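Encoded as structure tokens, the structure appears first; notes follow it.
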Amino acid sequence: MSNPAPMRRFDDPHAPILIERFDDRVVATLNRPSVRNAIDQATIDELHVLCAELEAIPRTLIVTGGGGVFASGADIAELRERRADDARAGINARAFIRVAELPMPVIAAIDGYALGGGAELAYAADIRIATSSAKIGNPETGLGIIAAAGASWRLKEIVGDARAIELLLTGRTVDAEEALAIGLVSAVHPVDELLVAAHVIADRIARNDRAATIATKRVFRAARSDHPEEDLEAQAALFESPEKYRRMSEFLERKRER
């Protein structure tokens with residue numbers, strides 16, 4: 001089931017994020033075309049509202065951007081006026097942490113620029129795919145700040161210490177080919193197939209057991225010191241699940257029928 005018909009979409013076409021809801025997934029499209037989807041306070045507020053919904057009713061989240069741009073960064077006009085207390089509040093960082101900690105997987109579908117805060121939102125996803133026109137980077141030091149909304153710790157977890165520090169210190173962008181080569185994205189698709197590909201991934205996830213998917217994400221993101229106890233407790237709960245028994249019984253039945 002790729003590109004399924006939406007259940008409901010926000011009526012306001014000018015909302016900073018357009019939302020499409022399905023039984024098993026939500027598609028969130030950044031929608032500030034006049035500023036290349038720059039992430040402002042209104043966008044952050046909408047992200048928090050969306051996260052609250054997906055924490056209460058877990059579904060896979062696909063995040064993308066409209067108009068051929070994922071997100072050009074944080075809104076510089078707002079960012080310029082922020083002061084020390086705003087930095088300590090972690091306005092963008094806390095929203096992206098919440099995105100990363102959603103129970104079900106998050107897929108970032110990146111077309112065009114994903115810079116600064118836009119890149120950091122993409123880094124918060126579990127899976128990133130892109131088009132050949134994707135440009136991803138963190139130019140914050142050129143603006144007199146650091147990448148403090150997740151890049152400083154997430155990027156090295158994705159591409160390794162050596163590559164991450166080089167990208168953060170130089171502020172250079174990587175194109176889709178390099179992003180694929182270094183593992184920053186897992187696949188590159190033609191622009192007209194990007195969302196189809198994201199839905200194919202969501203379809204694959206939806207075929208699996210929901211509880212096992214949630215447990216896998218939670219265990220994967222656990223601290224190294226929490227293993228193997230975290231794994232074993234999650235497995236213990238799943239071993240008692242009727243769904244585990246049903247799925248394994250069906251597997252054995254199919255095997256007998258071959």
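Antiparallel beta bridges, as assigned by DSSP with both residues in segment 87-214, represent about 25 percent of the total such bridges. (1) 36, 22, 15; (2) 32, 21, 19; (3) 22, 22, 18: which one is semi-axes √(5λ) of the Cα gyration tensor in Å as calculated from this entry? For semi-axes √(5λ) of the Cα gyration tensor in Å, the calculated option is (2).
Among 235, 145, 187, whose Cα sits farthest toward the positive end of the charge dipole of the chain (+1 at Cβ of Lys/Arg, -1 at Cβ of Asp/Glu, about the Cα centre)? Value: 235.
Entry note, the chain: relative contact order of 15 percent, from Cα contacts under 8 Å with a spacing of 6+ residues. Residues whose amide H comes within less than 5 Å of that of residue 74, counting only those at least five positions distant or on another chain, are 39, 117, 118 (H built at 1.01 Å from N in the peptide plane). Full extension of the chain between residue 210 and residue 41 yields a length gain of 57.6 nm, computed as 0.36 nm times the residue separation minus the alpha carbon distance. Taking amide H as placed 1.01 Å from N in the peptide plane, the amide H of residue 187 sits under 5 Å from that of 130, each at least 5 places away or on another chain. Sequentially through segment 156-163, phi angles give Karplus couplings (6.51, -1.76, 1.60; θ = phi - 60°) of 5, 5, 8, 10, x, 4, 4, 5 Hz, Gly and Pro residues having no value and appearing as x. Under a model in which nothing but the beta-carbon of Lys, Arg (+1) and Asp, Glu (-1) is charged, the chain shows a dipole of about 420 debye around its Cα centre.
In order along segment 119-131, the Karplus-derived 3J(HN,Hα) couplings, from 6.51 cos²θ - 1.76 cosθ + 1.60 at θ = phi - 60°, round to 5, 5, 5, 5, 5, 6, 6, 7, 10, 10, 10, 8, 9 Hz, and Gly and Pro are given as x. For the residues 189, 227, 48, a GNM of the chain with alpha-carbon springs under 10 Å puts the largest fluctuation on 227. Measuring max minus min along each principal axis, the C-alpha atoms of segment 63-155 give extents of 35, 30, 21 Å (largest first).
The aspartates and glutamates within cross-link reach of residue 156, meaning a Cα-to-Cα straight distance under 16 Å and a gap of 8 or more places when in the same chain, are 120, 126, 166, 178. Longest stretch of the chain clear of exposed loop sites (GluC sites (Glu not before Pro), DSSP loop, at most 14 other Cβ atoms within 10 Å, sites excluded): 102-239.
Segment 191-258 and segment 90-160 have Cα centres lying 25 Å from one another. Of all DSSP beta bridges confined to the chain, the antiparallel ones make up roughly 30%. For residue 62, the residues whose amide H sits under 5 Å from its own are 26, 27, 28, 107, ignoring neighbours fewer than 5 places away on the same chain, with H placed 1.01 Å from N.
Be a star and scan segment 183-208 for residues whose amide nitrogen sits under 17 Å from the point 7 Å along the Cα-to-Cβ vector of residue 243. Residues 202-208 fall inside that zone. In order along segment 23-36, the phi-based Karplus estimate (6.51 cos²θ - 1.76 cosθ + 1.60, θ = phi - 60°) of 3J(HN,Hα) comes to 4, 10, 7, 10, 10, 10, 10, 4, 9, 10, x, 5, 10, 6 Hz; Gly and Pro are listed as x. Note on residue 244: lysines with a C-alpha under 25 Å away, same-chain residues under 8 apart excluded, are 217, 255.
Every number here is computed from the coordinates shown, using simple stated rules; none is lab data. Predicted model, so just to flag it, every value in this text is computed and none were measured. Please note: Cβ atoms are built from the backbone with ideal geometry, for glycine as well, and neighbour counts cover all protein chains shown.
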